[in-house]
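Only one structure is covered here, and it is reproduced in the block below.
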Amino acid sequence: MLVNLRDICSIAEQNNMAIAAINVASFESVRAALDVAEQTGHPIIIQHAQGHQHLAPLKDIGPTMIALAERSSALVCVHLDHCEDLSYAVRALDMGFTGVMFDGSALPYETNVERSCRMASLCRDYQAGLECEIGSMGSREAGEKDEGGTVEESGAVYTNPDQAAEFVKVTGLDILACSFGTVHGIYKGEPHLNFDVLSDIRALAKVPLVMHGGSGVSDEDYARAIDAGIRKINYYTYGAKYAGEAVCALADRRRSAKPGAVVYWHDMTRTAYDTLRDTFEHVVTVFANGASPMA
Ligand code: 13P
């Protein structure tokens, strides 16, 4: 069942949990995310990042996401991630997307406010929920580069809690993406999250908060972040990495058993689906229940 971003985040508030927001850059990832939501009974957000247009064009993946969300027995929000222009958001909203993230974090503060307000007005027309970002995660969701690394290398800037409170008030956004130590992409070493910054943002901004760069974080840090007010966790890179590794291992196994063996595309997509489903099941459960002992 297709639900609004605001409604799915109020479920998260009421239950002191976070909703997994899975970036779906392939049909297998859409299926895996929705199957996990149905099996676990937890709500889910499936999202298309504007930067993934070259992997899964909005015109194709968008209607697929909406159709599968509508007929799912799970509560599903279909969200546009890291949108940088109004016309791209209009295309998604016309398809039936129920949430949009406007990313003006690389812009000067006043410009970020002005464009976020324009996006807020657009979202009101469509009755969609709005996520905006203040502070900066540095690198964007682009899908191919080995972005990320450390906070310093990525050029990330922690969100200022006072500015976050003002930003929420003037833009009228529904949920706030903030920077407190996570980065997009593969982490070089352990991520170091600043829970004091996060708690201050939550205390002053008083809205559900979003963790970007949410894959590659430990279960313990997920639990602490949820306790501090994170209600949506964006997840992409590590799921894609695990699926890629599983497909390579499959090809290696087949070829070492029989040199020159054919490895079919459908075997690869099946293996990718299985790995994504297991990965999503783990995070969806952790986000709903706090840290679990699973590795
Ligand atoms: P990861 O790169 O950690 O998966 O983060 C995804 C994300 O934040 C998308 O907006």
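Since every read-out is calculated from the coordinates, none of them should be taken as a lab result. All values derive from a computational prediction rather than experimental measurement. Cβ atoms come from the backbone with ideal geometry, glycine included; neighbour counts cover every protein chain shown.
Using only Cα atoms, what is the ratio of the radius of gyration of segment 1-106 to 2.2 N^0.38 Å? It would help to have the intermediate numbers written out before the result.
On the way: Rg = 12.9 Å, N = 106, 2.2 N^0.38 = 12.9 Å.
Relative to the rule-of-thumb radius for its length, segment 1-106 sits at 1.00.
With +1 on each Lys and Arg Cβ and -1 on each Asp and Glu Cβ, how big is the dipole of the chain about its Cα centre, in debye rounded to the nearest 20? Numbers along the way, then the final one.
On the way: 24 positive and 39 negative charges, 145 e Å.
With Lys and Arg at +1 and Asp and Glu at -1, about 700 debye.
Report the extension gain between Asn194 and Thr111 in nm, rounded to one decimal, defined as 0.36 nm multiplied by the number of residues separating them, less their alpha carbon distance.
Extra length from Asn194 to Thr111 when fully extended: 27.2 nm.
Cα-based Rg of segment 20-64 per 2.2 N^0.38 Å, rounded to two decimals? Mind showing how you got there, number by number?
Details: Rg = 10.6 Å, N = 45, 2.2 N^0.38 = 9.3 Å.
Compactness ratio reported: 1.13.
Tell me, what does the Kirkwood hydrodynamic radius of segment 167-244 come to in angstroms if you use every pair of distinct C-alpha atoms? Write down the numbers at each step before the final one.
Working: mean 1/r = 0.0765 Å⁻¹.
By the Kirkwood definition, the hydrodynamic radius is 13.1 Å.
Looking at the chain only, what percent of DSSP beta bridges run antiparallel? Nearest 5 please. Write out the running numbers ahead of the final one.
Working: 1 of 34 bridges.
Taking every DSSP beta bridge within the chain, about 5 percent pair in antiparallel fashion.
Only loop residues by DSSP count here, and only those with at most 16 other Cβ atoms within 10 Å; note down the trypsin sites (Lys or Arg not before Pro) in segment 175-234 that meet that. Show your work: numbers first, answer last.
On the way: sites: Lys188, Arg202, Lys206, Arg224, Arg231, Lys232; in loops: Lys188, Lys206.
Here the sparse-neighbourhood loop sites are Lys188, Lys206.
What ratio of Cα Rg to 2.2 N^0.38 Å holds for the chain? Display every interim value, and only then the final one.
Numbers: Rg = 18.5 Å, N = 295, 2.2 N^0.38 = 19.1 Å.
My calculation over the Cα atoms of the chain gives 0.97.
Which of Gly172, Gly129, Gly214 moves most in a GNM of the chain, Cα contacts under 10 Å?
Of Gly172, Gly129, Gly214, the most mobile in the Gaussian network model is Gly172.
Could you tally up the Lys pairs in the chain with alpha carbons closer than 25 Å? Skip any pair fewer than 8 positions apart unless they're on separate chains.
Value for the chain: 10.
So how do Tyr238, Tyr264 line up by other beta-carbon neighbours within 10 Å, fewest first? Kindly include the intermediate steps, with their values, before the conclusion.
On the way: Tyr238 17, Tyr264 9.
Listing Tyr238, Tyr264 from fewest to most nearby Cβ atoms yields Tyr264, Tyr238.
Between Gly260, Gly229, Gly216, find the one with the highest GNM mean-square fluctuation for the chain; connect C-alpha pairs within less than 10 Å.
Highest fluctuation among the options: Gly260.
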